[in-house]
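To start, the structure under review is shown below, and the notes come after it.
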Amino acid sequence: MGPLIQCRNIVKIHRGRGIDGAKRGFKAVDDVSFSIEKNGNFGLVGESGCGKTTLARAILYLDPPTSGKVLFDGVDLGSLRSRHLRAFRRRMQIVFQDPHSSLDPRMTIYDSLSEGLVNIGMDRAARTKKINRLLDLVGISGAMGSRFPHEFSTGQRQRIVIARALTMDPEFLVLDEPVSNLDVSIQAQVINLLLDIKEELSLTYLFISHDINLVAYMCDTVAVMYKGKIVEQEPTEELFANPRNEYTQTLLASIPGGAGRISGASTNIAKDGTMGNTASAVRELSKGHVVSNTTGRTGDKPDLTGGTR
């Protein structure tokens, strides 16, 4: 099918001055290259502070790279003028880690999801129809659109943030630690929701996490990042079966319960929204177990009475 995203020798240097006034630079991303196939699910894993989010922002040109190229469907984003880049961004969106800071507490959910649609000139009737459809897609009743963020649980807010990212009909989604702020009982439900949406809308994902369990559960290809560099990149099964880099081996050895390998059964990844956590899912997977195919779309049972959890 061919790559949707191609990163070529991406470098990002943060520049500033020290306390002595001298100019200094910190290389947060160091000569990173990889490709993401159309409809692929590419995982980027590494410890906090290794440059994952900086790389994601550079790919989306929210904070352009210092050097290197990002090609989106063959188009060099660095060659686009700001007006064309703004239009191009409709095709790529991001879901951030913290749903609390991602939503304006002064705006209703309907207004938050409407912003981008208003900017492209969509009339109110069409906006309402689309917003109701997207809220239903993520397991939130359209009747709750008039409510404010504080009236929802953390898991529900992240579902709303996902719906907002879909309002522009993107082809590519960056998922930057999308479940790290959620209870483990909710994490698997949101992950399964993301997998359902990917299949339904034929999306391409860049899934970022420091949790290698989640990446193994979610992705078909994994890149391991350490101190701004990609130290290893392999299909998920191959990476778990035969890690070559010492840092990758350390990450796998740190998995609780010894779930450091995935067997050939990994094509049957569990999709049970009631599982306790994704770590146990990976351990079950390594034993060759297959769990029932419930979607998890409405697994956290949105509270229709207005109470918070």
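Summary table below
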read-out: Checklist (1) in contact with a strand residue (DSSP E or B) (Cβ under 6 Å, 6 or more places away or on another chain); (2) surrounded by 15 or more Cβ atoms within 10 Å (Cβ to Cβ); (3) on the phi < 0 side of the Ramachandran plot applied to Arg57, failing item; value: (1)
read-out: Flag for Arg86 being basic (Lys, Arg), part of a helix (DSSP H, G or I) and within 30 Å of Lys12 (Cα to Cα); value: yes
read-out: Matching option when the condition is touching a His at 6+ places or on another chain (Cβ under 7 Å) and among the charged types (D, E, K, R), among Glu47, Glu37; value: Glu47
read-out: Exclusive hit being surrounded by fewer than 23 Cβ atoms within 10 Å (Cβ to Cβ), closer than 18 Å to Leu103 by Cα, free of Cβ contacts under 8 Å to residues at least 12 places away in the same chain and out of contact with any helix residue (DSSP H, G or I) (no Cβ under 6 Å at 6 or more places or on another chain), set Asn119, Asn181; value: Asn119
read-out: From the options Ile160, Ile109, residue that is more than 19 Å from Met92 (Cβ to Cβ) and touching a residue at least 60 places away in the same chain (Cβ under 8 Å); value: Ile160
read-out: Residue that is nearest to the chain's Cα centre (by Cα) [pool: residues in region 72-83 that are assigned to a loop (DSSP other than H, G, I, E, B) and surrounded by 12 or more Cβ atoms within 10 Å (Cβ to Cβ)]; value: Asp73
read-out: Residue in region 90-106 that is most open to solvent (accessible area, probe 1.4 Å), counting only those that are part of a helix (DSSP H, G or I) and touching a residue at least 40 places away in the same chain (Cβ under 8 Å); value: Arg90
read-out: Ala125, sole failed condition from (1) under 23 Å from Leu201 (Cβ atoms); (2) without any contact (Cβ under 8 Å) to a residue 40 or more places away in the chain; (3) surrounded by 12 or more Cβ atoms within 10 Å (Cβ to Cβ); value: (3)
read-out: Of all residues in region 107-116 being over 22 Å from Leu203 (Cβ atoms) and out of contact with any helix residue (DSSP H, G or I) (no Cβ under 7 Å at 6 or more places or on another chain), the one that is most open to solvent (accessible area, probe 1.4 Å); value: Asp111
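Quick grid of which residues meet (1) part of a strand (DSSP E or B); (2) farther than 26 Å from Val32 by Cβ; (3) among the polar types (S, T, N, Q):
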residue: Arg164; (1), (2), (3): no, yes, no
residue: Asp169; (1), (2), (3): no, yes, no
residue: Ala188; (1), (2), (3): no, yes, no
residue: Asn192; (1), (2), (3): no, yes, yes
residue: Glu200; (1), (2), (3): no, yes, no
residue: Asn213; (1), (2), (3): no, no, yes
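Let's see how each residue does on (1) assigned to a loop (DSSP other than H, G, I, E, B); (2) more than 26 Å from Leu251 (Cβ to Cβ):
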site	(1), (2)
Ile5	no, no
Ile10	no, no
Arg15	no, yes
Ala28	no, no
Leu44	no, no
Leu62	yes, yes
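The values are calculated or read from the model by the stated rules, or taken from the named source; none is laboratory data. Because the structure is predicted, anything quoted here is derived from the model rather than measured. Because the Cβ atoms are built from the backbone with ideal geometry, glycine has one as well, and the counts that use them run over all protein chains shown. These area figures cover heavy atoms from the full protein model, side chains too; ligands, DNA and RNA do not enter into them. Shrake-Rupley method; radii C 1.70, N 1.55, O 1.52, S 1.80 Å.
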